[in-house]
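Working notes, beginning with the structure itself.
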Amino acid sequence: MKSSALLFPLLAICGCSSWDSSQYPKLNHYDVEMIHQVEHLALEIDILANRGARVCLPGQLEVLNRLYLKAKQEAESGFDKDVMHTLIDANEQIHLMTHQLSWLEDHTQCISQATLAQERHQLLLYLAIDNQFALDQTALLPDYREALTHSAAILKRHPSWFVTFTGYTDAKASESYNQDLGLARAMRVKEFLISQGVSPQQLAARSGGEIYALSDADRTQALAERTVVAELSKRAESAVPEPHIHAIRHWHMQP
């Protein structure tokens, strides 16, 4: 994949919830939704590349890259039926490569430690997606649910990895209410991952409540405060520490 194509997964992670259809003023809503699906294909490609396909399955990865570019061009041109067929072909290629990588992990040394580091980084990107919860809600917003589905696939491949989820809220209710709401959000994430096949022994949930919330937060700030922050460690290192620095956006709040 060319270096510019690596930007697409970040766009898919950070920008799906604020998809701007004005980029394609000549296309209808359905056409824009097709483009949205194609950009999620770019995310799948990056997962496979980080998992080891870039080194171990370069030919198959190149085929998948070409399918992505073909689907993108078709979607931007409004060729709905063509892009659907291309996406089907791409999904079949992804399914095949996923099985091939599993075999390589079990029987060869092709998947390097560097690939594991890339996959840890990818997992944390998924878990840090924006717009996770609506006001006073524990339901997972659609893009967050999709990111957690990808996260589950990674965690199932690494049973020694342990994730602690800390739920946070804005400051729009009482402290005790927000403490309960923060825990409910973290538990919802944990339960969803378990429903996707992740071992409960890999997951822990706790609440940070409104500890980092601003009393005068504007709408955008309050949305960012309604979040579940993930900390990744080895299972042997999985003792849950006291709340401290959980995300870059909290650094400036520390004494």
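If I go through segment 198-219 residue by residue, how many of them are without any contact (Cβ under 8 Å) to a residue 40 or more places away in the chain and of a type in the set (Ser, Thr, Tyr)?
Result for segment 198-219: 0.
Among the listed residues GLU92, GLU74, identify the single one that is exposed (fewer than 15 other Cβ atoms within 10 Å of the Cβ), of a type in the set (Asp, Glu), modelled with pLDDT of 80 or more and in a helix (DSSP H, G or I).
Answer to the check: GLU92.
Right, ALA71: farther than 29 Å from GLN109 by Cβ and small (Gly, Ala, Ser) or not?
So ALA71 passes the test.
Going residue by residue through segment 203-223, is there one that turns out to be at pLDDT 90 or above and either of a type in the set (Asp, Glu) or in a loop (DSSP other than H, G, I, E, B) (or both)?
No, because not a single residue in segment 203-223 is at pLDDT 90 or above and either of a type in the set (Asp, Glu) or in a loop (DSSP other than H, G, I, E, B) (or both).
Quick grid of which residues meet (1) in contact with a His (Cβ under 9 Å, 6 or more places away or on another chain); (2) more than 30 Å from GLU39 (Cβ to Cβ); (3) in a loop (DSSP other than H, G, I, E, B):
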| residue | (1), (2), (3) |
| --- | --- |
| LEU155 | no, no, no |
| ALA173 | no, yes, yes |
| LEU183 | no, yes, no |
| ALA186 | no, no, no |
| VAL189 | no, no, no |
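Identify all residues within segment 43-70 that are polar (S, T, N, Q) and over 16 Å from GLU119 (Cα atoms); write none if there are none.
If the condition is that a residue be polar (S, T, N, Q) and over 16 Å from GLU119 (Cα atoms), then GLN60, ASN65 are the ones that fit.
Within segment 133-176, restricting attention to residues that are touching a strand residue (DSSP E or B) at 6+ places or on another chain (Cβ under 9 Å) and loosely packed, with under 15 Cβ neighbours inside 10 Å, which residue is nearest to LEU193 (Cα to Cα)?
This residue is SER160.
Just need a number here: residues in segment 226-235 that are at pLDDT 85 or above and either hydrophobic (A, V, I, L, M, F, W, C) or assigned to a helix (DSSP H, G or I) (or both).
Within segment 226-235, residues that are at pLDDT 85 or above and either hydrophobic (A, V, I, L, M, F, W, C) or assigned to a helix (DSSP H, G or I) (or both) number 4.
Among the candidates GLN93, GLN132, single out the residue that is more than 18 Å from the chain's Cα centre (by Cα) and of a type outside the set (Ser, Thr, Tyr).
Numbers: GLN132 fails: more than 18 Å from the chain's Cα centre (by Cα).
Selected residue: GLN93, the only one of GLN93, GLN132 that is more than 18 Å from the chain's Cα centre (by Cα) and of a type outside the set (Ser, Thr, Tyr).
Would you confirm whether any residue within segment 103-111 is at pLDDT 90 or above and either buried (at least 19 other Cβ atoms within 10 Å of the Cβ) or farther than 14 Å from THR227 by Cα (or both)? Working first, answer last.
Applying the first criterion (at pLDDT 90 or above) to segment 103-111 yields none.
No: zero hits.
The values are calculated or read from the model by the stated rules, or taken from the named source; none is laboratory data. Predicted model only: the values in this text are computed from it and were never measured. In this analysis, Cβ positions are derived from the backbone assuming ideal geometry, glycine residues included, and neighbour counts consider all displayed protein chains.
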